[in-house]
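Here's the structure we're looking at; comments come further down.
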Amino acid sequence: MHDTPFELGGRTFRSRLIVGTGKYRDFAETRAAVEASGAEIVTVAVRRVNISDRTKENLLDYIDPKRYQILPNTAGCYTAEEAIRTCRLAREMGVGNMIKLEVIGDQRTLFPDVAATIEAARVLVKEGFIVLPYITDDPVACLKLAEAGCAAVMPLAAPIGSGLGIRNPYNLRIIIEQATVPVIVDAGVGTASDTAEALEFGCDGILINSAIAGAKDPIGMATAMKLAVEAGRMAFLAGRIEQRLYATASSPLGGVIR
Amino acid sequence: MGRFPNLDGSGFLHSRLVSTNQILLNGEPYELTGNLTVADLIGRLGMKPARIAVEVNQVVTPKAEYASKLIAAGDQVEIVDFVGGG
């Protein structure tokens, strides 16, 4: 089936799956899961270097920036200023200017601070960043982020790491319907059917970390997610049948023996 | 930097520093000995410039300026790299 390539910030990707690198046992497992997922875009976090212990390995020794589009995030930032500083530092690492913007508003839910996210997005777009913002499943916030010049909007399906799946499919459908930039579901996915559902709705892509890294078999779940993205996307393109309350027979009504 | 001006080394930073020869390195006091550039500092720490990024007083130091950028007592220096994240 013919599909258009996944365009993001002027680049095209074959895979519509973006994966995170948090919560894995070690870098070897991270690499194996990323490979199994088929993802071409990989998120990372920016953190202070451990000054006293320099023996630690570097994540980029396992996830080659020449092979993958590295997508630094601003996880843990609670103000626009912190997020902007983090993005500027990330760009200096030499992996390009695509960033996942998140400005957290609340520690328990990890829901975004919508106003601060929009404020940071405006500054970062002006500075030439390709901004992919994590945001609530709020159609108005998504519109404002698109107007601010973000390359995509990334509404959450459910709280980060919750595995609850798509809590508000109707909001998500509205966001997709009105979208002028790609819509990437970010956060809250639990298993493959959640992923397939998002793609069936017409989401352009999906970002997954916890559901893969936290699975009993992360490599197995990475493969399942890859297939779910493909199945969901194909079902979207193929066009599902209308939902009806009553049955419609699939076998001919006539010619039944009596 | 426009809207987010640099710290000038005064105020809250000094409250964490016990000697006048110290900087705040990744949030912890660090003793300076003589004039240090960013390149000197990361060399002394055994780090390679390729995989890190450096900020002095909340302004990123471009890699091309590591050899010339001097660090002064009271400076707030952040050195970061990438870790696993989602």
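The values are calculated or read from the model by the stated rules, or taken from the named source; none is laboratory data. The structure displayed is predicted, hence computed values, not measured ones. All Cβ positions, glycine included, derive from the backbone under ideal geometry; neighbour counts span all protein chains shown.
Where in region A:166-215 are there helices (runs of 4 or more DSSP H), lying fully within it, with 3 or more residues that are more than 20 Å from A:LEU132 (Cβ to Cβ)?
A:169-178, A:192-201
With respect to (1) more than 29 Å from A:ALA196 (Cβ to Cβ); (2) touching a residue at least 24 places away in the same chain (Cβ under 8 Å); (3) of a type outside the set (S, T, N, Q), the lone exception for A:PRO72 is condition (1). Number of residues in region A:71-89 that are within 18 Å of B:GLY86 (Cβ to Cβ) and either in contact with a helix residue (DSSP H, G or I) (Cβ under 6 Å, 6 or more places away or on another chain) or more than 7 Å from every other protein chain (Cβ to nearest Cβ) (or both) equals 10. In the condition set (1) within 15 Å of A:GLY20 (Cβ to Cβ); (2) modelled with pLDDT of 95 or more, A:ASP194 is compliant with all but (1). Exactly one residue out of A:LEU245, A:LEU172, A:LEU207, A:LEU143 is buried (at least 21 other Cβ atoms within 10 Å of the Cβ) and more than 13 Å from the chain's Cα centre (by Cα), and it is A:LEU172.
Restricting attention to region A:184-204, which residues are surrounded by fewer than 23 Cβ atoms within 10 Å (Cβ to Cβ) and touching a residue at least 40 places away in the same chain (Cβ under 8 Å)? Answer for region A:184-204, where residues must be surrounded by fewer than 23 Cβ atoms within 10 Å (Cβ to Cβ) and touching a residue at least 40 places away in the same chain (Cβ under 8 Å): A:GLU200, A:ASP204.
Residue by residue through region A:100-114, note down the ones that are touching a strand residue (DSSP E or B) at 6+ places or on another chain (Cβ under 8 Å) and in a loop (DSSP other than H, G, I, E, B).
Once the filter is applied, which keeps residues that are touching a strand residue (DSSP E or B) at 6+ places or on another chain (Cβ under 8 Å) and in a loop (DSSP other than H, G, I, E, B), region A:100-114 yields A:GLU102, A:VAL103, A:GLY105, A:LEU110, A:PHE111, A:ASP113.
For beta carbons closer than 8 Å, sequence separation of 6+ or different chains, a first residue in region A:39-59 that is at positive phi and within 7 Å of chain B (Cβ to nearest Cβ) and a second that is in a loop (DSSP other than H, G, I, E, B) and surrounded by 23 or more Cβ atoms within 10 Å (Cβ to Cβ), there are no qualifying pairs.
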